[in-house]
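A short worksheet on the structure shown next.
The values are calculated or read from the model by the stated rules, or taken from the named source; none is laboratory data. As the structure is a prediction and not an experimental result, all values here were calculated from the model. Quick reminder, even Gly has a Cβ in these numbers, built from the backbone with ideal geometry, and neighbours come from all protein chains shown.
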Amino acid sequence: MGVSELVVTVFRSRGARLSTAGALVVLLALCAFSADSSGERVRYDISGLAITSGNYTLYTMFLDEGQEVTVSLSVTGGPADFYFLDGGGLSDFLAARADGSSSGWDYYEPLSALNATSIDETDSVSSAGVYHVAILNDGAGTVVLSGFIEAVYPTSLLSIAIIAGVIIVAVVLVLIFMFSRQTRKMQHSVDTHELHRTPPVPQRTSHEHPGSGHEAHLDRSTAKCPSCGAALVPGARFCKSCGRSVGR
């Protein structure tokens, strides 16, 4: 049995094809979902949070290496300082604020904005750890904070490979389904042709000559049936093997 015949045999049942295809697609989809959801998603939604003059608010999250962070915040009532800090930066920030200083700490510039009314930036962290977003109001009045902070896992190469695998499996199953249907149609056509084919008409042998009516005269020297070739009983009018008339 060839490979194509084996594949057609395995997927010959329509129910088996559908159940197998469904199981494979669901399994691969679950693997893709698992790969994308390997870490916890973090999101803070802020709406109408008031920060009085000289105060700040903090949002803390534990992030994995490569995790993407989006800081999309805005304030009304005046500008504010938006800082993205790691553990060391937060310690320096808290110490400086305790001393009444408004500087002297390190922060991650791509996710920070100073003296601004809004920030809308996305970047990934280079190492796992605890990170913080600090919003400092160094102005004279109260500001109102709104927006969100979100940390998500980007689509990995593994997830892309799994999704591509799902597509390839689906295409292969469709091709197998079409091939098996075409094979069955061709087999049915061959069977129908064999069923209705006219059987061949036996050809006359060199020892068979036309006679009267529908019988043929037999050359007795051969002593064999001109139809099937079986040995004849001397004087017999019919072949004992095939029943054909052998003449008088």
The range 93-113 - residue that is of a type in the set (Phe, Trp, Tyr) and out of contact with any Gly (no Cβ under 6 Å at 6 or more places or on another chain) and, of those, surrounded by the most Cβ atoms within 10 Å (Cβ to Cβ): Phe93
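Which residues, counting only those in the range 67-90, are among the polar types (S, T, N, Q) and either in contact with a Ser or Thr (Cβ under 6 Å, 6 or more places away or on another chain) or without any contact (Cβ under 8 Å) to a residue 12 or more places away in the chain (or both)? It would help to see each step written out before you state the result.
The initial filter retains those residues of the range 67-90 that are among the polar types (S, T, N, Q), namely 67, 70, 72, 74, 76.
Hits for the range 67-90 are Thr70, Ser74.
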Considering only residues that are at pLDDT below 95 and more than 11 Å from Val75 (Cβ to Cβ), which ones fall in the range 131-140? Asp138, Ala140
Meets criteria (of a type in the set (Lys, Arg) and under 48 Å from the mean Cα position of the chain (by Cα)) for Arg97: no
Report the residue count in the range 46-71 for those that are in a strand (DSSP E or B) and more than 34 Å from the chain's Cα centre (by Cα). 11
So which of Ala116, Ala128, Ala80 ends up being in contact with a strand residue (DSSP E or B) (Cβ under 7 Å, 6 or more places away or on another chain), assigned by TED's automatic domain parsing to the domain that holds Thr52 and buried (at least 18 other Cβ atoms within 10 Å of the Cβ)? Ala80
